[in-house]
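Engineer: Got a structure for you, questions after.
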Amino acid sequence: MLIDVLTIFPKMFEPVLKESILKRAQNKGLIKIRLHDLRNYSQDKHKKVDDASYGAGGMVFTPQPLFSAVESILGYTVYPREKKDPNKRIVMFSPQGKRLTQPLARKYLKYERLILIAPRYEGIDDRVRKHLVEDEVSIGDYVLSGGELPAMVFIDSITRLIPGVVSSPASIEKESFENGRLDYPHYTRPQDFRGLKVPSILVSGDHKKIETWRDEKSLEITKRKRPDLLK
Ligand code: ADE
């Protein structure tokens, strides 16, 4: 999968992409992430990418740098002559978007290319939303200072689902939200920590019983913490 990110703060992404699973996925060639500074696509002599909102209000991203950046990355005009490419998706982050969930993250696995737009300021010129962006995604009902953190969250949630990225696919299947449930409790050594014991079933060696215990705990935790998931 090739992911192109359009941002005015590419440096925000660098440390996140250089660690752990995201780093490994890139090193293994399972994913390629390119950061593009939106200012480099501005035709303004001061490389401006924003302007005052018509009818008063704050600053918003102007359409030109975003359209130019996407078209330069794709190598064809998106508007008014859009080439249909079912293998790519142009995604923008905003609190108005569709809520990111595990099933939504999984849906993006089918694309070969993603172009991610991380807006700043008060938002973007609505012509971008209507004629350039294909999907608008929100990471939750709260307002962040920009789309950079949501873009990183989105990249992480998808990358770890790509086959070969996480070493054990079984560990993904059992994670929270896959199969609509929260994860069961985990324990490790020591068996006795300051008198706090690991549940005896987990050290019994009886795999069938362990499986049943985990299943019951997962259901119990989901009922208690997130009953909405079971509906
Ligand atoms: N931009 C600002 N807040 C956001 C949110 N909650 N989700 C996605 N993009 C955002």
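The values are calculated or read from the model by the stated rules, or taken from the named source; none is laboratory data. Just so it is clear, the structure is predicted and the values come from calculations on it, not from any experiment. Neighbour counts run over all protein chains shown; Cβ positions are idealised from the backbone, glycine included.
Engineer: So SER171 clears everything in (1) at negative phi; (2) modelled with pLDDT under 95; (3) touching a helix residue (DSSP H, G or I) at 6+ places or on another chain (Cβ under 9 Å) except one condition, right? Which one?
Structural biologist: Every listed condition holds for SER171 apart from (3).
Engineer: Could you identify the single residue in SER167, SER145 that is more than 16 Å from the ligand (Cβ to nearest atom), closer than 30 Å to PRO10 by Cβ and among the small types (Gly, Ala, Ser)? Write out each step before concluding.
Structural biologist: On the way: SER145 fails: more than 16 Å from the ligand (Cβ to nearest atom).
Checking each option against the conditions leaves just SER167.
Engineer: Taking the stretch 14-39 on its own, how many of its residues are in contact (Cβ under 8 Å) with a residue 12 or more places away in the chain, of a type outside the set (Lys, Arg) and either farther than 14 Å from ARG120 by Cβ or in contact with a Lys or Arg (Cβ under 7 Å, 6 or more places away or on another chain) (or both)?
Structural biologist: Restricting attention to the stretch 14-39, the residues satisfying the condition of being in contact (Cβ under 8 Å) with a residue 12 or more places away in the chain are 14, 16-17, 21-22, 24-25, 28, 30-39.
Now narrow it down to the ones that are of a type outside the set (Lys, Arg): 14, 16-17, 21-22, 25, 30-31, 33, 35-38.
If we keep only those that are either farther than 14 Å from ARG120 by Cβ or in contact with a Lys or Arg (Cβ under 7 Å, 6 or more places away or on another chain) (or both) as well, we get 14, 16-17, 21-22, 25, 30-31, 33, 35-36.
So the count comes out to 11.
Engineer: Within the stretch 137-154, restricting attention to residues that are farther than 20 Å from ASP37 by Cα and of a type outside the set (A, V, I, L, M), which residue is surrounded by the most Cβ atoms within 10 Å (Cβ to Cβ)?
Structural biologist: The selected residue is SER138.
Engineer: While we're on this one: What are the residues in the stretch 31-83 that are modelled with pLDDT under 95, within 26 Å of the chain's Cα centre (by Cα) and of a type in the set (Lys, Arg), if any?
Structural biologist: Selection gives LYS83 alone.
Engineer: Just to check your reading of the model, which residue among ILE162, ILE172, ILE139 is of a type in the set (Val, Ile, Thr), under 15 Å from the mean Cα position of the chain (by Cα) and more than 8 Å from the ligand (Cβ to nearest atom)?
Structural biologist: Details: ILE172 fails: under 15 Å from the mean Cα position of the chain (by Cα); ILE139 fails: more than 8 Å from the ligand (Cβ to nearest atom).
Only one candidate passes the filter, namely ILE162.
Engineer: Let me ask you something else. Residue check, ARG214 against (1) surrounded by 12 or more Cβ atoms within 10 Å (Cβ to Cβ); (2) in contact with a Ser or Thr (Cβ under 7 Å, 6 or more places away or on another chain), all met but one. Which one?
Structural biologist: With respect to (1) surrounded by 12 or more Cβ atoms within 10 Å (Cβ to Cβ); (2) in contact with a Ser or Thr (Cβ under 7 Å, 6 or more places away or on another chain), ARG214 is out only on (2).
Engineer: Between GLU136, GLU211, GLU122, which is touching a Gly at 6+ places or on another chain (Cβ under 6 Å) and over 29 Å from LYS84 (Cα atoms)? Even if it seems obvious, please write down each step before you answer.
Structural biologist: Working: GLU136 fails: over 29 Å from LYS84 (Cα atoms); GLU211 fails: touching a Gly at 6+ places or on another chain (Cβ under 6 Å).
On inspection, the qualifying residue turns out to be GLU122.
Engineer: Does the stretch 67-120 hold any residues that are more than 15 Å from GLU136 (Cβ to Cβ) and within 11 Å of the ligand (Cβ to nearest atom), and which are they?
Structural biologist: Passing the criteria: only ARG120.
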